[in-house]
Amino acid sequence: LWNVPKRGTRYELDAYYTGLVNEFITSDDFHPNTVGDLEWVARRYFHWLRERGITDIRQAEQEIIQKYLHDCMEEMKSTSVYNVHLYLKKLYRFLFTRGYTESSYEVFFSFKICRESKLFPAAEDKMVNAILNVLDTQTAIGKRDYAIILLGYILGMRSIDISKLKLSEILWARGEICFSQRKTGKVIV
């Protein structure tokens, strides 16, 4: 085990908000890795409130929460905003349950924030084009192979879904392919 001293925080709080943070992070059986994130989000949010003269959490209604999340979106990556949103939802659920706020803002927090995820291509365009150029599209097998490669490369279909694809799942008039994914069972259009 490495013994790493806990760093201090730049989000200093008064006794009122410090008490709320401490009560929040001990209110549930949170995973040890999550506690630090929960504390960071709560401290950062309460510090932001204090800078705007909000000394009581009851003053922080939906419009204030929206402004805070908007500020986060301007300063943070989408993955961080996703976490802030998630932990604020937990914080407000706690605050409402304990009677510190009039609402948990459950409906407000129900909106989704997309997490940014990088998708790396399976192959470079040059490589795929080289393969496509080798195929003899004058033959039925060449046309089939060309279609298989494009379904995988352009649409991202899994090989099992391509191999099980039926002509009835190709909706020619609408320009769509509608099939049930073998891995997840979800219908994909």
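The values are calculated or read from the model by the stated rules, or taken from the named source; none is laboratory data. Just so it is clear, the structure is predicted and the values come from calculations on it, not from any experiment. Neighbour counts run over all protein chains shown; Cβ positions are idealised from the backbone, glycine included. Note: accessible area is taken over every heavy atom of the protein model, side chains too, but ligands, DNA and RNA are not part of it. Shrake-Rupley method; radii C 1.70, N 1.55, O 1.52, S 1.80 Å.
What pairs from K143/K166; K77/K164; K112/K183; K77/K183 go past 28 Å between their alpha carbons?
K77/K164; K77/K183
If one takes the longest principal axis of the Cα atoms in the chain, at what angle in degrees, from 0 to 90 and to the nearest 10, does the Cα axis of helix 15-25 lie?
The two axes meet at around 40 degrees.
Quick one: if the Förster radius is 30 Å, what FRET efficiency do L86 and E176 give, using the C-beta to C-beta distance and rounding to 0.05?
So, using R0 = 30 Å, E works out to roughly 0.30.
Given labels modelled 7 Å from the Cα in the Cβ direction, how far is it in nm from R52 to E169?
Label at R52, label at E169, 4.9 nm between them.
Largest first, please: the extent of the C-alpha atoms of the range 51-115 along each principal axis, to the nearest Å.
Sorted from largest, the Cα extents of the range 51-115 read 32, 25, 14 Å.
Roughly speaking, to the nearest percent, how much of the range 80-189's 1.4 Å accessible area is carbon and sulfur?
58 percent
Could you tell me the convex hull volume per residue, in Å³, taken over the Cα atoms of the range 1-104?
117 Å³
Calculate how steeply helix 78-97 sits against the longest principal axis of the alpha-carbon atoms of the chain, using the helix alpha-carbon long axis, and give the answer as 0 to 90 degrees to the nearest 10.
Between the helix axis and the principal axis of the chain, the angle is about 50 degrees.
Over all Cα pairs of the chain, how is the pair count split among 5 Å bins, expressed in % and running from 0 up to the last occupied bin?
Pairs per bin, as whole percents: 1, 6, 11, 13, 12, 9, 6, 7, 7, 8, 8, 6, 3, 2, 1, 0.
Taking only protein heavy atoms into account and a 1.4 Å probe, give the accessible area per residue of the range 18-117 in Å².
Per residue, the range 18-117 has an accessible area of 57 Å².
Contour minus end-to-end for V187 and D71, with contour as 0.36 nm per residue of separation and end-to-end as the Cα-Cα distance?
38.0 nm
In nm, what is the difference between 0.36 nm times the number of residues separating L132 and L150 and their Cα-Cα distance?
5.6 nm
Can you pull out the chymotrypsin sites (Phe, Trp or Tyr not before Pro) in the range 70-133 that DSSP calls coil and that have at most 13 other Cβ atoms within 10 Å?
F111
Multiplying the sequence separation of A122 and F108 by 0.36 nm and subtracting their Cα-Cα distance, what value in nm do you get?
1.2 nm
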